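As structure tokens, the structure follows; a few thoughts come after it.
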Amino acid sequence: MALPLADLYNTPDERNLLDTMKQGVIGKPLDRPEGPLKVSGTATYSAEWKRSDCAEGFLVLADIAQGTVKAIHADKVLAMPGVVAVLSDEAMIRRSTQGTAGEAPAQDVHTVDYFGQPVALVVAETFEQAREAAQALEIEYDAAAEPVPLDPQSPDAKIEEPSDSKPVKGGDLDKAMREADYAIDVEYDTPGHASAAMEPHATIAEWDGDRLTLRGSYQMLAFNVKEMADCLSISPKHVRILAPYVGGGFGSKLGITHEAVAAAIASKQLDRPVRVVMTRQQVFQTVMRRSETRQRVRLAADAAGKLVGLGHEARVSNLPDEDFAEPVTQATEFLYGGENRLLKVEVARISRMTAGSVRAPGEAVGMQVLEAAMDELAQKIGMDPIELRKRNLPVKVPVEGTPYSSRKLVEALEQGAESFGWDKCKTEPCQTRNGDWWIGMGVASAARVNVMIPAKARVTLKADGTALVETDQTDIGTGSYAILGQIAGEMLGLPMDKVDVVLGDSELPPGAGSGGSFGAISTGSAVMRACEAIRDKLAKAMGCKAEELELQDGSARHGDARQSLGELTGGKDIVEVGSIKPGKTFKDYSQASYGAFFAEVGVHAFTGEVRVRRMTGAFGFGRVLNAKTARSQCLGGMVWGIGSALTEELAFDVRDGHLVNHDLAEYHVPVHADVPALEVILLEERDAAASPLQAKGVGELGICGAAGAVANAVYNACGVRVRSFPLTLDKIIPHLPDPFASPA
Amino acid sequence: MKPFVLDHADSPDAALAALDAGATAIAGGTNLVDLMKLELATPEKLVSIRRTGLDEISADGDGLMIGALVSNADCAAHRRVREGWPLLAKAILAGASPQLRNRATTGGNLCQRTRCGYFYDSTQACNKREPGSGCAAREGFNRIHAVLGTSDQCIATYPGDMAVAMLALDAVVMTEGPYGPRRIPLAMFHRMPGDEPSRDNVLEAGELITAVRLPAPTGGVQVYRKVRDRASYAFALVSVAVDLAMEEGRIARCALAFGSLGTVPWRDRAVENVLIGEKPTPALFAQAAEVLLKDAQGFGENDFKIPLAARALAATLHEATQTGKA
Ligand SMILES: Cc1cc2nc3c(=O)[nH]c(=O)nc-3n(C[C@H](O)[C@H](O)[C@H](O)COP(=O)(O)OP(=O)(O)OC[C@H]3O[C@@H](n4cnc5c(N)ncnc54)[C@H](O)[C@@H]3O)c2cc1C
Ligand code: SF4
């Protein structure tokens, strides 16, 4: 039988191989194999490697927003104890590298593009010596002749169309709005967000002749190697990156960041290993931010609550010349109907650190606003918000006309509602008061596009009957080790203790990397295909067809014949590389993961404090590869949703452009007390168009709309509709009903 | 961070001698070490006072003597504190995180510096950090700043919780120093910025806090309400500490203190006088708030603190007087 092993994924693989296998590990809520190392502090993270004679670098950040470095007075600093070098090199990078760039970002730190941009590196024998010297370093600047504005709302900001997306237009939205039975025209703001990964960005660089090795914290090694090589003008073949454990990235480690390039340059110059670890404050000031957005949503509905028009226009921001524009309307394109459409993003060119991918770029902030606006429409019509959503699910993607590969949105809304007890939701606000708290419920849809990235993986079935999975895929805390092992275990009929997974080394075949929820389906498919090739060989050895071969617990069966895998290898390792690339199935079908969020909140009747009391999420994202790691991703996403709804906001001082809340004490991510019991429902689904695994992405789905459910619950609780996230109490108290009045 | 020498004092006298010789005291280090990393504090000599034996809680007549080195966690968990002065335990537990409270001390907590973001950022003008450089917060991002007790020079709050409860409880700060022992009522301990914002409190060079004394328990209803942006691990936007007693449906006695509202822990007897002898009603609470906030001045981002304080006061009085009735 001809196996669809062509790289390009052009036709849905309907064979659904994983469901025909016998081992029974796929989908199981197995622990992450590296978990014990992590919780016992023995997993080696980037800054923790011991390298002898390692010098310590500390970045110096600009304290102006725009200009050029006129002079660096290094002499005084070079005389300080322990200091070995002050660098301000043309190859050092000004901006964080965008995900999948594969090339150097803007280089030469003598030009300053934004406040807090690294402009120099001080290297010393110890970290504190380097830090002290960095603080003492005097730098003179010339102010920029033609500065760009610091504020995205500034009338002077240059507004551009994104280079990589076009507006979606259909029919006549203005007319639809005028003639609609119900129309909503609202403007929402979302602030900038930080990825706030637990592990700060850190790199140890070391050279062996003209070969560079980096131990660091990165998400996409194959791209990072190219980026680093381009920065240094060396061959990618001479760059090796080791990142076996990454303490979270959320987009901020997709591309090479400042400390890595600086460490590499310093190490070359000093001919010794150099470690550069960013402080928390530096991470906040220099790596990727999520752009703030201003979004106008227009919804036009007929008397039955069917959308006839839908507008979603957003202004986002970025530095001049950056291609990335937060794709705010990405899910709006396919989620709801309304033939008269206008979806559009524009970018204001401003001076703030690079805007780029932060977990679920586009949907994270786009969905929360769309879903809040949908709630406004439901309220206006007087219709149950779930019913409104169900009425507006198109058969094919509007304008484009592509069919959906799979969509469990109705099931998510229904099962979520059932489990959450949505029937108890009051249709009017201010109906439930519990002591000092107004209680309310809210619902929102979840949607996130499914993405595949070219990936390769090598699988070795060893002569001893164990398997080894190798790829440069990273595990950023999500469970790559677990699921890749499970896929191989399932395909090769091996229990998990017979499968070894080695990741995070750029010399291994290039996986997809971690980001955009694509790691599992892309690299997982490559692992699966490598295993298929091994199965073919085993079948041959067994004298049967691959689909007749049953592999389980280390032995192979065909009819009455039975042999151990070790025997079948004939004493020689079987090594196969599997490979996949996104192909026609991504054009032929609209692919996305879907779900629904339900939130119950309390709003303090006096102080306006909002606390989430419970939350349910129901999600359909194709095959569940590991019910535990998938659930954790959903939980984490919902926690992000709580932060986005209630607390997280990058606060810039628009007078000089500096970030005021650049640490975790003042940039408020949710803490344990903010996160109540969260329920996650995983819906069974198979999607052959999305990947041979029949799986879609899940890593970001849990955020995409979650904050909308919280905001809708706030309205339901106290009747206050805040159109500016986060919903801090100062925006709520002016509109609260009299706390002493009894409930309506 | 600048290099420094660290010594350990094994008695209050040894600590005083070290302070006299120019050392800076370090207790839990949860604030000081952060300041040193950012070079906002650059002591050449540090003396750790953790082994001075000042970590006891003991009866002092009807009152209670809390050693300066008692950790926040121990203080809040102490049986006598919880029984006699629950307000203090509640306020401490509303602050920081368990890890920080394990480390933070009574004396260090009183001396913690403001959380004004411009103070912690040496790229910014700040009169408290660098006298005469200006105040970047005044027209900047001042969401967490004070609306009472500000000056042209500085609008930063004292951010802590513990001291707010101590203020309502009429605590006294006990010190030793070059000029002998002092008993400083908590109400006099913190300084408003005036034209010398760099001095947060009245401690003199070489002076050591040895303990905080609480007077006899009042037996009143005690409520600490901390309003904040997230449920834990955030400084107060406004906090209210109340210790009151009801008699025949009227407020018989009332002590009120406010945190993160003023530049210092805030107490205003005129507010208490509005309440004492009256029946608790929403109108009375509003009247009290009016007196409290008559001189309040917002600076833009923190304008909301004025209505918020009125609301937090009403909520707290409502809760305390309802409990007091029962
Ligand atoms: C992230 C974060 C969140 C926080 N949240 C809160 C909160 O919500 N509420 C709150 O109230 N606090 C909060 N805190 C502050 C915390 O309570 C203080 O850092 C702590 O109480 C300081 O005590 P310490 O013993 O560690 O002081 P140190 O850092 O050791 O010292 C602080 C200062 O006090 C001086 N000092 C210490 N002891 C004495 C003494 N006996 N005599 C004279 N001077 C002395 C030191 O010289 C130093 O100048 C938070 C802190 C952090 C870092
Ligand atoms: S408010 Fe006070 S601490 Fe803050 S910047 Fe102004 S002077 Fe400095």
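Results, tabulated for the structure shown:
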quantity	calculated
Net charge, A:ALA143 excluded, C-beta distance under 15 Å - Lys, Arg +1, Asp, Glu -1	-4
Mean projected area (nm²) of the alpha-carbon convex hull when the range B:169-239 is viewed from all directions	7.1
Principal axes of the range B:106-196: Cα extent on each, largest first, Å	39, 29, 20
Largest-first principal axis extents, alpha carbons of the range B:184-326, Å	50, 41, 31
Restricting the range B:238-305 to trypsin sites (Lys or Arg not before Pro) in coil, as DSSP defines it, with at most 11 other Cβ within 10 Å	B:LYS294
Percent antiparallel among DSSP beta bridges (both partners in the range B:221-325, rounded to 5)	100
In degrees, nearest ten, helix B:305-325 long axis to first principal axis of chain B (Cα)	60
Those lysines that a straight Cα-Cα span of less than 16 Å connects to B:LYS226, excepting residues fewer than 8 apart in one chain	B:LYS90, B:LYS305
Two-decimal ratio, the protein assembly as shown, of alpha-carbon radius of gyration to 2.2 N^0.38 Å	0.99
Residue of B:VAL264, B:VAL202, B:VAL240 that the Gaussian network model of chain B assigns the largest fluctuation, springs spanning Cα pairs under 10 Å	B:VAL202
Heavy-atom SASA rank of B:CYS111, A:CYS430 (probe 1.4 Å, accessible area, largest first)	B:CYS111, A:CYS430
Entries of A:LYS344/A:LYS456; A:LYS158/A:LYS237; A:LYS38/A:LYS731; A:LYS28/A:LYS306; A:LYS50/A:LYS253 with Cα pairs more than 30 Å apart	A:LYS344/A:LYS456; A:LYS158/A:LYS237; A:LYS38/A:LYS731; A:LYS28/A:LYS306
Calculated FRET value between A:LYS572 and A:GLU48, using beta carbons and R₀ = 35 Å, to 0.05	0.40
Separation of alpha-carbon centers, the range A:390-443 and the range B:81-97, rounded to whole Å	42
Accessible area per residue in Å² at 1.4 Å probe, computed on chain A	34
Spin-label model distance (nm) - B:ALA283 vs B:SER97, 7 Å beyond Cα toward Cβ	4.8
DSSP-assigned coil residues among GluC sites (Glu not before Pro) in the range B:166-232, each with at most 15 further Cβ atoms within 10 Å	B:GLU204
Ratio of Rg to Rh over chain B (Cα coordinates, Kirkwood Rh, two decimals)	0.97
Cβ-defined net charge surrounding B:LEU38, 15 Å radius [Lys, Arg +1; Asp, Glu -1]	-1
For the range A:679-744: rounded, prolate or oblate by the Cα gyration tensor [a/c cutoff 1.5]	prolate
FRET efficiency, A:ASP321 to A:LEU8 (Cβ-Cβ, R0 30 Å, nearest 0.05)	0.40
Shape parameters for the range A:228-300, alpha-carbon atoms, Rg then Dmax in Å	17.3, 66
Cα shape, the range A:396-447, gyration tensor, a/c 1.5 rule	prolate
Sites A:ALA145 and A:LYS731, calculated FRET efficiency, Cβ-Cβ separation with R0 30 Å, nearest 0.05	0.15
Cα shape, the range A:481-568, gyration tensor, a/c 1.5 rule	prolate
Alpha-carbon gyration tensor eigenvalues x 5, square-rooted, for the range B:1-52, Å	19, 11, 7
Solvent-accessible area buried by B and A, counting both chains, probe 1.4 angstrom, square angstrom	3200
222 nm mean residue ellipticity, helices alone, for chain A (DSSP H n ≥ 4; -39,500 (n - 2.57); rounded to 500)	-7500 deg cm²/dmol
Distance from the range A:139-179 to the range B:168-198 (C-alpha centre basis), Å	54
Chain-alone versus full-assembly comparison, the range B:299-323, residues with accessible loss of at least 30 Å² (1.4 Å probe)	B:PHE304, B:LEU308, B:ARG311, B:ALA315, B:HIS318
Inter-centroid distance (Cα atoms) of the range A:593-620 relative to the range A:530-556, Å	49
Heavy-atom accessible surface of the protein assembly as shown: percent carbon and sulfur, 1.4 Å	49
Descending semi-axes in whole angstrom, ellipsoid equivalent of the range A:592-744, from the Cα gyration tensor	32, 20, 12
Percent of beta bridges antiparallel (DSSP, the protein assembly as shown, rounded to nearest 5)	80
On Cα atoms only, tilt of B:282-292 relative to the major axis of chain B in degrees	40
1.4 Å probe, heavy atoms, protein only - residues of the range B:1-21 losing at least 30 Å² accessible area vs chain alone	B:MET1
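The values are calculated or read from the model by the stated rules, or taken from the named source; none is laboratory data. These figures come from a predicted structure and were not determined experimentally. All Cβ positions, even for glycine, are placed from backbone atoms using ideal geometry, and neighbour counts span all protein chains on display. Heads up: the accessible areas ignore ligands, DNA and RNA and are worked out on the full protein's heavy atoms, side chains in. Shrake-Rupley method; radii C 1.70, N 1.55, O 1.52, S 1.80 Å.
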